[in-house]
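Only one structure is covered here, and it is reproduced in the block below.
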Amino acid sequence: MTTAFDPLQLGDIQLANRIAMSPMTRSRAHGPGATVTDLTATYYSQRASAGLIITEGTQPSVIGQGYPDTPGLHSAEQVTAWQTVTDAVHAAGGTIFAQLMHTGRIGHPSLLPDGLIPVGPSAFRAKGHVYATRARKTSLHPYR
């Protein structure tokens, strides 16, 4: 009988076990340019015994950011910072995949540079609020 602790072949990748760490958006990309930090490398490497780690939501483009302090993976600086994380996880014997998260219209212009506004596949406004800073809840899409 197969258990959660048995290895698993996932395509070309051999996982040490069948336990996966699901993605959790941590909002701790306090580095310059929405980069992860050395603390991020420590956090994920401490969890390398999971068969597979799926990172926190990581925006694939500048306009994909919908929440404060979430990391990106769209600049050379961000790629270099994430390499530190993946190197630490690999050194601890783990496997890590990036979760790409473009938030679409759930966002706020105050989170974006140069007057950019959130975009998504729908012409309908998203309902609700987004926390644009740790202390301030803001209505979605105040530019309309």
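The values are calculated or read from the model by the stated rules, or taken from the named source; none is laboratory data. All of these numbers come straight from a predicted model, not from anything done at the bench. Methodologically, a virtual Cβ is constructed for each residue, glycine included, from the backbone with ideal geometry; neighbour enumeration extends over all protein chains shown.
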When (1) surrounded by 18 or more Cβ atoms within 10 Å (Cβ to Cβ); (2) under 10 Å from the mean Cα position of the chain (by Cα) are applied to R26, the one that fails is (1)
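Residue-wise test of (1) under 28 Å from V119 (Cα atoms); (2) touching a Pro at 6+ places or on another chain (Cβ under 9 Å).
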position	(1), (2)
A29	yes, yes
A41	no, no
G57	yes, yes
S61	yes, no
A81	yes, yes
D87	no, no
Within the range 93-107, the residues that are among the polar types (S, T, N, Q) and either modelled with pLDDT under 90 or within 22 Å of G33 (Cα to Cα) (or both) are Q99, T103
For the range 45-68, the count of residues that are surrounded by 22 or more Cβ atoms within 10 Å (Cβ to Cβ) and either aromatic (F, W, Y) or in contact (Cβ under 8 Å) with a residue 60 or more places away in the chain (or both) equals 1
Q.
Please determine whether any residue of the range 73-80 is surrounded by fewer than 18 Cβ atoms within 10 Å (Cβ to Cβ), within 30 Å of P7 (Cβ to Cβ) and out of contact with any Leu (no Cβ under 6 Å at 6 or more places or on another chain).
A. yes
S110 fails exactly one of (1) outside any loop (DSSP other than H, G, I, E, B); (2) surrounded by 13 or more Cβ atoms within 10 Å (Cβ to Cβ); (3) at pLDDT 80 or above, namely (2)
Note on G33: of the conditions (1) modelled with pLDDT under 95; (2) farther than 30 Å from F124 by Cβ; (3) in a helix (DSSP H, G or I), unmet is (3)
Taking the range 120-144 and keeping only residues that are at pLDDT 80 or above and either in a strand (DSSP E or B) or surrounded by 13 or more Cβ atoms within 10 Å (Cβ to Cβ) (or both), one is left with G120
